[in-house]
Amino acid sequence: MNVNGQQVETVGIPLHWGFEGVARKGYIANTLTPNVGDSNSQTPEYKAFLVNIEKA
């Protein structure tokens, strides 16, 4: 997708469920998101945020 002449990509991650096993707890994708929300409705903004992906 191009936005103002710049190539922009979309990243998707499973939102609600994480794997839970004997060795580790199943964390959900919301642990990766910033803890911000609307002060009037008390609704968290977990569904859209900016990311910076770099090669390892």
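Derivation of every value follows stated rules applied to the coordinates shown; laboratory data play no part. The shown structure was predicted, so the numbers you read here are calculated from the model rather than taken from an experiment. Ideal geometry is used to build each Cβ from the backbone, glycine not excepted, and the neighbour counts take in all protein chains shown.
Numbers below:
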| item | result |
| --- | --- |
| Mean Cβ count within 10 Å, highest first, over the residues of peptides 28-34, 5-11 | 28-34, 5-11 |
| Calculated from backbone phi, Karplus (6.51, -1.76, 1.60) coupling profile of the stretch 43-56 in Hz, x at Gly/Pro | 9, x, 9, 8, 8, 8, 7, 7, 10, 10, 9, 10, 5, 7 |
| Neighbour-count order for 36, 3, fewest beta carbons within 10 angstrom listed first | 3, 36 |
